[in-house]
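In what follows, a structure is listed as structure tokens, so that the remarks can point back to it.
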Amino acid sequence: MRTTPSFVGLRASTVQASLTLARVKSRNTKCELILRRKLRDRGFTFENHSNSLPGRPDFVFRSARLVVFCDGDFWHGRRWQERRRRLRRGTNAQYWIAKIQANMRRDRRQSASLRRLGWKVLRVWESEVLRNPERVVRRILRIVRSQA
């Protein structure tokens, strides 16, 4: 069984697309930085991007056995049915649909691995954090308190 996506025969549509993809940040995104600041302001202590856990979670609260991922709406398939319909009408649809579906499968595998290891997994959407970071912080606080 293949564990990594195969994009054989698929390619980004232009040189510009490749350059754009190269600039996409996987760490310290605006969403993460906002959430990090809000969590620290509330006195939380945590690790960032722990290499010792599947998926390198954005935030790790070891005492509560909680990991938090800040998932980008586009890259992780938020509102997937609607997004896929729009992608089908765009340039290089086959590539983008395969790419995002592979990301979503990887996210599910990583979450399942973490749960098997005894971790609680919270995935928050980038737009959620940008719209109302305090609400996300309150969700994390509730989980941390319930695990302590």
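Selection of region 95-140 for residues being of a type in the set (A, V, I, L, M, F, W, C), open to solvent by 30 Å² or more (accessible area, probe 1.4 Å) and within 16 Å of L35 (Cα to Cα) yields W125, L130.
Residue count for region 55-89, restricted to those that are of a type outside the set (D, E, K, R), open to solvent by 40 Å² or more (accessible area, probe 1.4 Å) and either assigned to a loop (DSSP other than H, G, I, E, B) or closer than 24 Å to V136 by Cα (or both): 3. Pull out all pairs, ordered by first then second residue, where Cβ-Cβ is under 6 Å, the residues are six or more apart or on different chains, the first lies in region 38-65 and is within 12 Å of V144 (Cα to Cα), and the second is of a type in the set (D, E) and open to solvent by 20 Å² or more (accessible area, probe 1.4 Å). From residues that are within 12 Å of V144 (Cα to Cα), the pairs are V60/E47. Here N92 qualifies as farther than 13 Å from P57 by Cα and surrounded by 15 or more Cβ atoms within 10 Å (Cβ to Cβ). For region 28-54, a residue qualifies if it is open to solvent by 30 Å² or more (accessible area, probe 1.4 Å) and touching a Cys at 6+ places or on another chain (Cβ under 7 Å), and exactly one does: T29. Does V121 satisfy the criteria of being part of a helix (DSSP H, G or I) and in contact with a helix residue (DSSP H, G or I) (Cβ under 6 Å, 6 or more places away or on another chain)? Against the criterion (part of a helix (DSSP H, G or I) and in contact with a helix residue (DSSP H, G or I) (Cβ under 6 Å, 6 or more places away or on another chain)), V121 does not qualify.
The values are calculated or read from the model by the stated rules, or taken from the named source; none is laboratory data. Predicted model, so just to flag it, every value in this text is computed and none were measured. Cβ sites come from the backbone with ideal geometry, for glycine too, and all protein chains shown count toward neighbours. The protein model used for the area step is the full one, side chains on, heavy atoms only, and it has no ligands, DNA or RNA in it. Shrake-Rupley method; radii C 1.70, N 1.55, O 1.52, S 1.80 Å.
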